[in-house]
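Only one structure is covered here, and it is reproduced in the block below.
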Amino acid sequence: MYQTKLQPTPQNAEMTAIPTTTEPAALSAAAERMRRHRQRRRDGLRCFIIELRETEIDALIRKGLLAAENRHDYDSVQSALYAFLDHALGEMRDV
């Protein structure tokens, strides 16, 4: 059996604390995608990638759901499409 001999700490030696981090470790891109996927699933949402025709975007503009100057803005088109679906599917729920 081995025995270790502890060395005394010199009286004038400074003790340094190990710095703690308050920020969580950064997630990898894959981990972040999985986190968002699980959150959507908990929220009852599903993620789809869809393609819209220019004529469908024109229809969103005609219905007043999208401003013409925002037709190339992804977030604006997405919001307009959500509003359209909410309105259309809301009507279906009433039937």
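Read-outs throughout are calculated quantities, based only on the coordinates presented, and are distinct from any laboratory measurement. A quick note: this is a predicted structure, and the numbers were derived from the prediction, not measured. With ideal geometry, Cβ positions are generated from the backbone for all residues, glycine too; neighbour counts draw on all protein chains shown.
Run the dipole for the stretch 52-95 about the Cα centre, Lys and Arg Cβ at +1, Asp and Glu Cβ at -1, nothing else charged, and hand back the magnitude in debye, nearest 20.
The calculated dipole for the stretch 52-95 is roughly 100 debye.
With each label point set 7 Å from Cα along the Cα-Cβ vector, what nm distance links ARG42 and ALA59?
3.6
If we count other beta carbons within 10 Å of each Cβ, what is the order of SER79, SER28, fewest first?
SER28, SER79
Rg/Rh for the stretch 52-95 to two decimals, with Rh computed the Kirkwood way over all alpha-carbon pairs.
Radius of gyration relative to Kirkwood radius: 1.02.
What GluC sites (Glu not before Pro) in the stretch 39-95 are in a loop by DSSP, with at most 13 other Cβ atoms within 10 Å of the Cβ?
GLU51
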